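Asks: Take a look at this one; I'll ask things after.
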Amino acid sequence: MIPSIQKYPQFEANQILTNEQLNLLFGYNDEQTRLTRSHLIGIGIICGLDAITAADGKTVTITKGVGVTSAGYLVIQETDLVYAASQNYALPKEVAYPVLQNNAGANLYPLWQLLPQIPISNPDPSARNLDTPFLQDKVVMLFVELNKTGNKNCLPNSCDDKGSTVGVTIQPLLIRKSDADKIKAVIPGYPNKAALPDIRMPRFDVSKTALNTTPDVIRAYKIILTKAFIDKVLANLKKLSDTFAFLNSNATALGNLIQNNTIFSYDNDSTIKLPVEYYYQYYFDFVSDLVDTYNEIKTKSGAVLATCCPDPTWFPRHLFLKEAVNPPSPSAYRHYFSPSPAVAREGQRTEEIVQLLNRLYMMLLTFPKIAAPTIIAGGGVSNSDLRVTPSYLGSVLSGKAIPHYYSEDKQSNNRQLFEYWNYHLTKAGKANQNLSYRAIEYPATEDFVKNPLRYDIEPYNFFRIEGHVGKNYKSVVNYLQGIINNNRLPFDIVAVKTGNKPDALTGNTFEAQFADLESAFLLIQADIVCKGGTHPTIEAFKKLTKLAQLNDPVPPNNQTMLVMLKALTIGGIPCDVSELVKLLDIYNNRMAKLQQQFLLSNYAEKHAGLQHKAGVPTGGTFVIVYHGEVVTTSQPGKYFGDLIYLDAVTNKYKLDEQAFKFYQPDAGTASVISTLLGQVDANDPQAGEFIEKTFQPMLGKYKSGTRKPPFGRGVVAGFATGVPVSIAEGIVFADFYLPYQCCGDGSTVQYTINESAQPLGVDITGSECKDGQQVVHFLITGGTPPYKANNNNVNSRFDLQFGSNQSGTVVITDSKGGSVTVQVPAKTCEPPCDLPCKGLVTQCLYPVWMALPEQKVFPAKLIRMEVAYLTITDENGMILMDEQFVKDITDYLQQVGGIKNANYHDFMKAVTEIINQRIDKVAKGSLKIGYVVKDAKLSGQFMITSFPCQSFDLRIRMDIDGYYYDYRYTKTGVDAQLQIRNQNSNQTRLPKYGCNIDDRCKGVNIQKPCSSDSLVIKRETDTFYFVTGEFKAIYWIAEGGIPGFGTGPEFHLDSVDLLPEKIRAIAIDKNGCWAYAEYLVRRA
């Protein structure tokens, strides 16, 4: 907003004052006051002024508060006001308000005035009580009403009452939403907080489900990582990028990367689809990082959305509060406060926002680089890439350690991610002090960054743990326990298994759990030894030190000690082992329950607070989850699908509760069945028939097809179709944490399991096109490493390259002579494209810096070309061209004698040819400037063809006899300035329009321009112009006039003494279509 009154009167003694002088003084002071509010404080609703509708719709309360209109009018309400009625409202005609009135003073839109109640006397016929149906489509607003009233006529002896009084009233009004939309549509640059909604990352497995199998865990991630949710995150990231495009020179590249990313692929059920089971949790983390970055930028954006020099035409004398009924938060119909940069202190925050946007760009470029197992000679797996990094829980992402799944390789912009991770470290020149899994890949840095566990960890409350997935849990537990011990780290680790087949544990690990049984065993052992004398069996029995050893085979016959004792007679009397049998049964039951505690299904049920954050907080427990199979039973048996079995030790029928659990039984059913089975005599020949008749009604409903468990290898239960599980038993594929140390006695659990060898197999896990070639991804399972593919050494995961449309045969062999063959189908790949920006090219129209003259003639001697240069910069910031054209254009003007109507189009074409010839010599193919003439009677337009990931800066500054044109063309628009003899200066931002986007690598069009011929400029007076048609944004250019630029549906010239020869208008409608029109004001 440029002051319209730039002078004020200075009075002298005894001077006769005129109404013009007094009104000029008042006008000057009033305008300066309003400019102070709008330009130095801010515009919009500062606090309060909330519109609250009662639940029954019978009242609307406007709370106390304060706001400032875009023209600087102060709107204050000192107390809450309640309104119960409304009536039609007509705007005063004496002081017009073009936003809501037409030229005749009539309302452009229906308006209703809110009233405390319907007046008792002389009510308006339109008065009515409020109700919800009436309020449903309305927006509440406050209007600064200026009502001009004439004073009394002069009396015979006095003229003191001559003149008028302008009364100021804040009127509460209602307007339809559809009409409010029309008013909002002409505000192209007003910051809209409602455009950036809140996003939150869903928690893993909330609401809780049964985590029984590996597919159950994967499914819990897939339920979150749906196409709908990921698309929502990406759409809001694009909206975020667009919102701050005016700050970020890399906005186009970031927007394209968000829109055209190839990170995510989806299954038939529109959930994320990944080739490896342990990728899911890291894709979950990555999406969480995107959400955290979005919220971090959004939180810091308040100051950055400060408005410098707000346009007074946005909402000059009104404030929208919000929708009358069920307004969302934030509301799209509220004029939120936009502070002035003077109070927002936006400088540093702007830098931080730009860096965060660049970090987002790098995150999208560098993901995924997931740490996979490193196979070493002999087929083992290296654990040296398992690392623990101090970090923060509850911090913004900038404060956390950089995750391992981001590459630290230099990208196409010659930058690494750590350079953008933390604004404060970067600003201090210490970006290489960001803690990270990949800190060892940084340039030279401190040892406390490369080896942070050696130094003070008090400032940190969390430890990232990475590099363990895809490895056998036993080696992970051992290696990680060594890190914990060597570095005295304050957290525990436990390993749990999916499936229903618990791994064997040793009593030594949980001595406290069996101390009472071991004591009883020693007493019974002593009694039997005392009675047994020197029999060889007794001598062997004396050597046992643990109860569990009764089941160990004893050479040379490899019978168990319990079987040998049962066969022993002492003095003709059979050895009494009944107490040992009871004791061993109790031991086995305890051990079975203890083993089952370390199945994920039971562990997650007991510890409902399991969470995933790729690490563990200080004082917590890190829970690694490894793959286990689902088998039909964990015990040998015979009834009901082996759910009921005969225990060999006790000769009692028992229920395999762990297997039964997978049928999702009702609560308490297993306990009832187990109790009843304990009463069945196994020696009774009718026992089997009794079990069938008694338990069939109980178990039958759980054996139905709808509740059948997901038994069998490799099928993801609950998915629409089976998804193969490719990892082997014992391989870590997920991790969680508990915020407390857990659990039980003794040290960390150590397991031993008997792993059966798997046959050699190979799968094609995917393929992609790179540089015109097909790259195929393979996964080897089973067999014995090391492996070879077509006689070349490979790891279990490897890639091979094939030509476009080329098939092939791959033979995999292992160290034991196993062999398997796989056929690679042909795939068509597009030839490589060496064009910048992956071949994307934009062609956009721009307004030329001067209009076609009608009768004016500008001789060459009056024209001075002060500036004419072009700079082109590639996507890496390298300058491709930086050239001046002042002399070339000046020489041309001297040749043709100047600029006039007859040679104007030739002059503009000559300028573009001069520039294009230089581009072809210095940076051929990087940019092209065309001159487009739609109608020879109208001014032409520049058509600039460029690569969107590159930047250009074309500036033309020309002086014609003291009138300056200064236009600066960039890939985002035009910064335009007009100046009359160093006095009146106008500047604005003009858009590019009519953009066409092609993909020249694929030879396809991505976006076609659309245009409209409905734009017509009409003239009301010499200084007042307006347009017809429905347009979202309108830009006016009036070189030679004051002002030289304007926006909105109307354009006012300040002076009839300085009228332009021609007025130009550019308009954009709600569909993005452009329109152009000119109006001839006068002839020279």
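Asks: Would you check which residues across region 226-247 are crowded, with 19+ Cβ neighbours inside 10 Å and not in a helix (DSSP H, G or I) and list them?
Replies: Within region 226-247, just 244 meets the criteria.
Asks: Still on this model: Quickly run through region 574-605 and pick out the residues that are farther than 30 Å from residue 214 by Cβ and basic (Lys, Arg).
Replies: Hit for region 574-605 is 582, nothing else.
Asks: If you take the residues of region 401-414 that are without any contact (Cβ under 8 Å) to a residue 60 or more places away in the chain and surrounded by 17 or more Cβ atoms within 10 Å (Cβ to Cβ), which of them is nearest to residue 463 (Cα to Cα)?
Replies: Filtering first and then ranking leaves 402.
Asks: May I pose another question? What are the pairs with Cβ atoms under 6 angstrom where one residue, in region 69-95, is acidic (Asp, Glu) and the other, located anywhere, is surrounded by fewer than 19 Cβ atoms within 10 Å (Cβ to Cβ) and outside any strand (DSSP E or B)? Sequence gap at least six, or different chains.
Replies: 78/64; 80/63; 80/64
Asks: Assess whether residue 223 counts as being of a type in the set (A, V, I, L, M) and surrounded by fewer than 20 Cβ atoms within 10 Å (Cβ to Cβ). Walk me through how you get there before you give the answer.
Replies: Details: of a type in the set (A, V, I, L, M): yes; surrounded by fewer than 20 Cβ atoms within 10 Å (Cβ to Cβ): yes.
In short, yes.
Asks: Under 6 Å between Cβ atoms, at least 6 apart or on separate chains: pull out the pairs that start in region 1007-1031 with a residue that is touching a residue at least 12 places away in the same chain (Cβ under 8 Å) and polar (S, T, N, Q) and end on any residue that is surrounded by 13 or more Cβ atoms within 10 Å (Cβ to Cβ) and outside any strand (DSSP E or B).
Replies: Matching pairs, first to second residue: 1011/1073; 1012/1073; 1014/1029; 1023/1053.
Asks: Same structure again: Please tell me if residue 580 is out of contact with any Ser or Thr (no Cβ under 7 Å at 6 or more places or on another chain), without any contact (Cβ under 8 Å) to a residue 60 or more places away in the chain and of a type outside the set (Val, Ile, Thr).
Replies: yes
Asks: Restricting to region 460-483, count the residues that are closer than 17 Å to residue 619 by Cβ and free of Cβ contacts under 8 Å to residues at least 24 places away in the same chain.
Replies: Count: 0.
Asks: Which of the residues spanning region 906-940 are farther than 27 Å from residue 1061 by Cβ and either outside any helix (DSSP H, G or I) or of a type outside the set (A, V, I, L, M, F, W, C) (or both)?
Replies: Scanning region 906-940 gives 916, 917, 918, 920, 921, 923, 924, 925, 926, 927, 928.
Asks: Okay, moving on. Is there any pair with a first residue in region 794-822 that is modelled with pLDDT under 90 and a second that is of a type in the set (Asp, Glu) and part of a loop (DSSP other than H, G, I, E, B) whose Cβ atoms are under 9 Å apart and which are 6 or more apart or on different chains, and what are they?
Replies: Short answer, once both residue conditions are applied: 804/830.
Asks: Let me ask something additional. Please pick out the residue among 111, 74, 81 that is surrounded by 18 or more Cβ atoms within 10 Å (Cβ to Cβ) and either at pLDDT 90 or above or among the aliphatic types (A, V, I, L, M) (or both).
Replies: 111
Asks: So which residues in region 99-144 are more than 26 Å from residue 72 (Cα to Cα) and polar (S, T, N, Q)?
Replies: Result: 117, 121, 122, 126, 129, 132, 136.
Asks: If the requirement is being modelled with pLDDT of 75 or more, surrounded by fewer than 13 Cβ atoms within 10 Å (Cβ to Cβ) and more than 24 Å from the chain's Cα centre (by Cα), which of these qualifies: 206, 168? Write out each step before concluding.
Replies: Numbers: 206 fails: more than 24 Å from the chain's Cα centre (by Cα).
Of the residues listed, the single one that is modelled with pLDDT of 75 or more, surrounded by fewer than 13 Cβ atoms within 10 Å (Cβ to Cβ) and more than 24 Å from the chain's Cα centre (by Cα) is 168.
Asks: Can you tell me which condition residue 1066 does not meet? The list is (1) surrounded by 21 or more Cβ atoms within 10 Å (Cβ to Cβ); (2) touching a residue at least 40 places away in the same chain (Cβ under 8 Å); (3) more than 39 Å from the chain's Cα centre (by Cα), and all the others hold.
Replies: (3)
Asks: Still on this structure, please answer the following. Answer yes if at least one residue in region 124-136 is in contact with a Lys or Arg (Cβ under 7 Å, 6 or more places away or on another chain) and assigned to a loop (DSSP other than H, G, I, E, B), and no otherwise.
Replies: yes
Asks: Evaluate region 341-355: report whether one residue or more is in contact with a Phe, Trp or Tyr (Cβ under 7 Å, 6 or more places away or on another chain) and modelled with pLDDT of 85 or more.
Replies: yes
Asks: Something else: List the strands (runs of 3 or more DSSP E) that sit entirely inside region 793-844 and contain at least 1 residues that are more than 37 Å from the chain's Cα centre (by Cα).
Replies: In region 793-844, the matching strands (runs of 3 or more DSSP E) lie at 808-813, 819-824.
Asks: Among the numbered conditions (1) in a strand (DSSP E or B); (2) under 42 Å from the mean Cα position of the chain (by Cα), tell me where residue 1014 comes up short.
Replies: (1)
Asks: Give me a count of the residues in region 983-1011 that are under 22 Å from residue 311 (Cβ atoms) and part of a loop (DSSP other than H, G, I, E, B).
Replies: 2
Asks: Residue check, residue 974 against (1) part of a loop (DSSP other than H, G, I, E, B); (2) of a type outside the set (Gly, Ala, Ser); (3) crowded, with 17+ Cβ neighbours inside 10 Å, all met but one. Which one?
Replies: Going through (1) part of a loop (DSSP other than H, G, I, E, B); (2) of a type outside the set (Gly, Ala, Ser); (3) crowded, with 17+ Cβ neighbours inside 10 Å one by one, residue 974 breaks only (1).
Asks: If you check every pair at least six apart or on different chains, which have Cβ atoms under 6 Å apart with a residue in region 984-997 that is more than 18 Å from residue 1069 (Cα to Cα) first and a residue that is outside any strand (DSSP E or B) second?
Replies: 984/1042; 986/1043; 986/1044
Asks: Would you confirm whether or not region 972-982 contains a residue that is among the acidic types (Asp, Glu) and assigned by TED's automatic domain parsing to the domain that holds residue 941?
Replies: Let us first name the residues in region 972-982 that are among the acidic types (Asp, Glu), namely 975.
Okay, now just the ones that are also assigned by TED's automatic domain parsing to the domain that holds residue 941, so 975.
The answer is yes; a qualifying residue exists.
Asks: Just to be sure before I move on: is residue 55 farther than 23 Å from residue 165 by Cα and over 42 Å from the mean Cα position of the chain (by Cα) in the structure I sent? It would help to see each step written out before you state the result.
Replies: Values: farther than 23 Å from residue 165 by Cα: yes; over 42 Å from the mean Cα position of the chain (by Cα): no.
The answer is no for residue 55.
Asks: Filter region 858-885 down to the residues that are part of a loop (DSSP other than H, G, I, E, B) and of a type outside the set (Asp, Glu) and list them by number.
Replies: Of the residues in region 858-885, the ones part of a loop (DSSP other than H, G, I, E, B) are 874-878, 885.
Correct list: 876, 877, 878, 885.
The values are calculated or read from the model by the stated rules, or taken from the named source; none is laboratory data. Computed from a prediction, not measured in an experiment: that's the story for all the values here. Note that each Cβ is placed from the backbone with ideal geometry, even for glycine, and that neighbours are counted across all protein chains shown.
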